[in-house]
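These notes are about the structure you will find just below.
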There are 2 protein chains.
Amino acid sequence: MSAWDREAYDKARAHQQQLTKPPGALGRLEELACWLAGCQGQAIPDRLQAAVTLFAGDHGVAEAGVSAFPQVVTVEMVKNFAAGGAAVNVLAKAHHARLRVVDVGVAGDLSALGDAIIHAKVAHGTANIIDHAAMTTEQMARALQVGRSQADAAIAGGANLLIAGEMGIANTTPAAALISALLGVSPEAVVGRGTGVDDQGLRRKIAAVAKALARAGEVGTPDRCLAQLGGLEIAAICGFLLRGAERGVPALLDGFIVTAAALVAERMAPGSARWWQAAHRSQELGHRLALSALGLKPLLDMGMRLGEGSGALLALPLLQSAVALHTDMATFSSAGVSTEVG
Amino acid sequence: MSAWDREAYDKARAHQQQLTKPPGALGRLEELACWLAGCQGQAIPDRLQAAVTLFAGDHGVAEAGVSAFPQVVTVEMVKNFAAGGAAVNVLAKAHHARLRVVDVGVAGDLSALGDAIIHAKVAHGTANIIDHAAMTTEQMARALQVGRSQADAAIAGGANLLIAGEMGIANTTPAAALISALLGVSPEAVVGRGTGVDDQGLRRKIAAVAKALARAGEVGTPDRCLAQLGGLEIAAICGFLLRGAERGVPALLDGFIVTAAALVAERMAPGSARWWQAAHRSQELGHRLALSALGLKPLLDMGMRLGEGSGALLALPLLQSAVALHTDMATFSSAGVSTEVG
């Protein structure tokens, strides 16, 4: 992992004290700017170039009735991403982020989309985690590598801030299973309504997670946990975040699914979370627990539960604002403004 | 006051149900877009054109040692605004908002700034509210009118979202006095550290507010309260917000000072708050109470306490995002995406 630059951070903090505002008056914006300074290794960080990479995959557990939507929606939404009609497209455009969509495990055929998406399919979805390991060790390794390669591609394209998005009907179930297993908390404390299941659906989800955890047995390593309970897009996001931290490029985490992947990544490479900020607190029940385990405090709390990277993109202007203020504000001396009394 | 359009709101809500996302998955963004639809009287609201009008004024109570900064900083900061070096300048530029700065009551001479600012000085600051009414009834009427005229000017310039900013050394003291008087709560529950006074300064502020309240006596009408305890920039903001609500143009409220002005405005014209959203919860102690009295839930909670309009500008991209999503997302039918199971 890259070394986070404490000296650049300290210089950035000193710079903040010179800007024409009471010390600390910009609240978390000050800390965000200084954190980015530490990430970039320079007291005045470069403007943010954000890249969103959205990983799509399907989940065998969908057959257990854990989602309010049929599995075919994964394919349909990838087509919607390719056509530019989804929330993530609108927000990426509004906030000047590049968007790439990657099929890492969708159950349908997406070849007709050509180069509108990146084709890196490892399998046609995972196995149903109630009865089987989600994926083989080899599939997991390939999915992690897809994510790593995409982080490298985003950085090669000029990105200095990584955002992972996801799409996969039923994926709040494996995400809840991972968080439940890694944190040792009950499914009831983690499982939420995802896209909006009713009370019956919620009971099915809790039961599915409980059965998957019982089947998988001892948690073991984070790798084993990921293969047993995860998803192909979750593994790819894990690789994406790990590679970002290795390369010293910060990431803005989206919601429940991405945070579950981040939790796995932090367990694989402790200290990676130093490179991340949490964009928002989603509506999904277990998100708070996962964020807390990562030591991250969400920037927004807007009651969202969409995924795709939408929460991260909504928070992106906060980081952009923090950098702009840090860079462009006048100092007390340059503006001839008096400092504090006494 | 303009009639808020419930029918346009209901049509906007129906439109949200058609967009390619689970119903409700965009959380508060959905409600924000529909609220703007109700404000504009059309199911698909126009893109936001935000105008920030920053009102500056000085306060006689500054002589009681209630601020961490000397009074001359008001003049110095107005010069900084004119030169483009303050936080509000940086954020207005970043988020495409027009900025106008208005001298409605600065104690110094700003004529050298020419047309870089709007000169509408009612007085060289207020009287010290510990011993005197802040302003005469006639001064209050003039300051309210300055705000009204500026709302009209912003709307004439194409603005469909109004933001008020403020600058005035010591102005958290009159703002706290107004909130304390109007809500009938003790100064201790409202007074905060403002720009960053120490414990001794905090005690001086609380004492100043308590003395001012005792001197002013019975609260009486909101007009009387404003003249007794307010500030010239606070009165102007009050007029600005009242005129916006009368004209049916929504406003995004900044922090403690603007919310104090909004509270006076809501008391003068009950129902005005229908036209407002609260951008953020500031660090200032009493802000929460004032927001709650207005029935407003802040969008952001970033630990800020700068004023100027900075909190409102930071939240502006949330509203812009809400409108973009509402307008540009594909519908289930246009994108060929399946709706919920069952």
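The values are calculated or read from the model by the stated rules, or taken from the named source; none is laboratory data. In this text, all values refer to a predicted model and were calculated from it rather than measured experimentally. Neighbour counts run over all protein chains shown; Cβ positions are idealised from the backbone, glycine included. SASA here: full protein model, heavy atoms, side chains in, ligands and nucleic acids out. Shrake-Rupley method; radii C 1.70, N 1.55, O 1.52, S 1.80 Å.
Among (1) modelled with pLDDT of 95 or more; (2) assigned to a loop (DSSP other than H, G, I, E, B); (3) open to solvent by 30 Å² or more (accessible area, probe 1.4 Å), where does residue B:152 come up short?
Every listed condition holds for residue B:152 apart from (2).
Would you confirm, using the coordinates I've provided, whether residue B:131 is among the charged types (D, E, K, R) and farther than 26 Å from residue A:331 by Cβ?
It is true that residue B:131 is among the charged types (D, E, K, R) and farther than 26 Å from residue A:331 by Cβ.
In the stretch A:155-172, what residues are crowded, with 24+ Cβ neighbours inside 10 Å, of a type outside the set (Asp, Glu) and more than 19 Å from residue A:293 (Cα to Cα)?
Result: A:161, A:162, A:163, A:164, A:165, A:167, A:168, A:169, A:170, A:171.
Kindly list the number of the only condition in (1) among the small types (Gly, Ala, Ser); (2) closer than 24 Å to residue A:219 by Cβ; (3) within 13 Å of chain B (Cβ to nearest Cβ) that fails for residue A:261.
(3)
When the residues of the stretch B:155-175 are narrowed to those that are assigned to a loop (DSSP other than H, G, I, E, B) and in contact with a Lys or Arg (Cβ under 8 Å, 6 or more places away or on another chain), which ends up farthest from residue B:252 (Cα to Cα)?
Looking only at the stretch B:155-175, we keep the residues that are assigned to a loop (DSSP other than H, G, I, E, B), and these are B:157-160, B:168-171.
Then drop every residue that is not in contact with a Lys or Arg (Cβ under 8 Å, 6 or more places away or on another chain), which leaves B:157, B:159.
On the way: B:157: 17, B:159: 12 Å.
Looking at residues that are assigned to a loop (DSSP other than H, G, I, E, B) and in contact with a Lys or Arg (Cβ under 8 Å, 6 or more places away or on another chain), I get B:157.
Starting from the stretch B:77-98, take each residue that is charged (D, E, K, R) and list its partners that are modelled with pLDDT of 95 or more, counting only C-beta distances under 6 angstrom and pairs at least six apart or across chains.
Listed pairs, sorted by first residue: B:98/B:51.
Given the residues B:281, B:267, B:274, which is the only one that is in contact with a helix residue (DSSP H, G or I) (Cβ under 7 Å, 6 or more places away or on another chain), more than 9 Å from every other protein chain (Cβ to nearest Cβ), touching a residue at least 40 places away in the same chain (Cβ under 8 Å) and basic (Lys, Arg)?
One residue alone meets the criteria, B:267.
If I ask for residues that are closer than 15 Å to residue B:231 by Cβ and not in a loop (DSSP other than H, G, I, E, B), which ones from the stretch B:176-199 would you list?
Scanning the stretch B:176-199 gives B:176, B:177, B:178, B:179, B:180, B:181, B:182.
Could you go through the stretch B:212-219 and let me know if any residue there is of a type in the set (Gly, Ala, Ser) and within 29 Å of residue A:23 (Cα to Cα).
Scanning the stretch B:212-219, I find at least one residue that is of a type in the set (Gly, Ala, Ser) and within 29 Å of residue A:23 (Cα to Cα), so the answer is yes.
Could you please find all residues in the stretch A:108-117 being open to solvent by 40 Å² or more (accessible area, probe 1.4 Å) and part of a loop (DSSP other than H, G, I, E, B)?
Listed by number, the list holds a single entry, A:109.
Being in the same structural domain as residue A:131 (by TED's automatic domain parsing), open to solvent by 40 Å² or more (accessible area, probe 1.4 Å) and either of a type in the set (Ser, Thr, Tyr) or touching a residue at least 40 places away in the same chain (Cβ under 8 Å) (or both) narrows it down to one residue among A:215, A:203; which is it? Lay out the reasoning, then the answer.
Details: A:203 fails: either of a type in the set (Ser, Thr, Tyr) or touching a residue at least 40 places away in the same chain (Cβ under 8 Å) (or both).
Only one candidate passes the filter, namely A:215.
A quick yes/no check of all residues on (1) under 28 Å from residue B:281 (Cβ atoms); (2) without any contact (Cβ under 8 Å) to a residue 40 or more places away in the chain; (3) surrounded by 24 or more Cβ atoms within 10 Å (Cβ to Cβ):
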position	(1), (2), (3)
A:1	no, no, no
A:11	no, yes, no
A:17	yes, yes, no
A:27	yes, yes, no
A:31	yes, yes, no
A:37	yes, no, yes
A:41	no, no, no
A:45	yes, no, yes
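Looking at A:230, A:248, which one is surrounded by fewer than 21 Cβ atoms within 10 Å (Cβ to Cβ) and under 18 Å from the mean Cα position of the chain (by Cα)?
A:248
Filter the stretch B:86-97 down to the residues that are open to solvent by 10 Å² or more (accessible area, probe 1.4 Å) and not in a helix (DSSP H, G or I) and list them by number.
B:95, B:96, B:97 - these are the residues of the stretch B:86-97 that are open to solvent by 10 Å² or more (accessible area, probe 1.4 Å) and not in a helix (DSSP H, G or I).
Is at least one residue of the stretch B:118-128 without any contact (Cβ under 8 Å) to a residue 24 or more places away in the chain, open to solvent by 10 Å² or more (accessible area, probe 1.4 Å) and not β-branched (Val, Ile, Thr)?
Yes.
Conditions tested, residue by residue: (1) outside any loop (DSSP other than H, G, I, E, B); (2) within 11 Å of chain B (Cβ to nearest Cβ); (3) touching a strand residue (DSSP E or B) at 6+ places or on another chain (Cβ under 9 Å); (4) open to solvent by less than 10 Å² (accessible area, probe 1.4 Å).
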| site | (1), (2), (3), (4) |
| --- | --- |
| A:62 | yes, yes, no, no |
| A:69 | no, yes, no, no |
| A:74 | yes, yes, yes, yes |
| A:78 | yes, yes, yes, yes |
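Return the total of residues in the stretch A:300-317 being in contact (Cβ under 8 Å) with a residue 40 or more places away in the chain and open to solvent by 10 Å² or more (accessible area, probe 1.4 Å).
Adding up the residues that qualify gives 3.
Among B:291, B:313, B:242, which is away from chain A (no Cβ under 14 Å), touching a helix residue (DSSP H, G or I) at 6+ places or on another chain (Cβ under 7 Å) and closer than 23 Å to residue B:155 by Cβ? Let's see the steps before the verdict.
On the way: B:291 fails: closer than 23 Å to residue B:155 by Cβ; B:313 fails: away from chain A (no Cβ under 14 Å).
Result of the check over B:291, B:313, B:242: B:242.
I'm told residue A:53 meets every condition in (1) closer than 27 Å to residue B:314 by Cα; (2) open to solvent by less than 20 Å² (accessible area, probe 1.4 Å); (3) at the interface with chain B (Cβ under 10 Å from one of its Cβ atoms) except one. Can you identify the failing condition by its number?
Here residue A:53 clears every test but (3).
Considering each of A:262, A:279 in turn, give the residue that is open to solvent by less than 10 Å² (accessible area, probe 1.4 Å), of a type in the set (A, V, I, L, M, F, W, C) and either in contact with a Phe, Trp or Tyr (Cβ under 9 Å, 6 or more places away or on another chain) or on the phi > 0 side of the Ramachandran plot (or both).
A:262
So how many residues does the stretch B:322-338 have that are in a helix (DSSP H, G or I) and either more than 7 Å from chain A (Cβ to nearest Cβ) or farther than 24 Å from residue A:302 by Cβ (or both)?
So the count comes out to 7.
Mind checking which residues of the stretch B:35-60 are in contact with a strand residue (DSSP E or B) (Cβ under 9 Å, 6 or more places away or on another chain) and outside any helix (DSSP H, G or I)?
Result: B:48, B:49, B:50, B:51, B:52, B:53, B:54, B:55, B:56, B:57, B:58, B:59.
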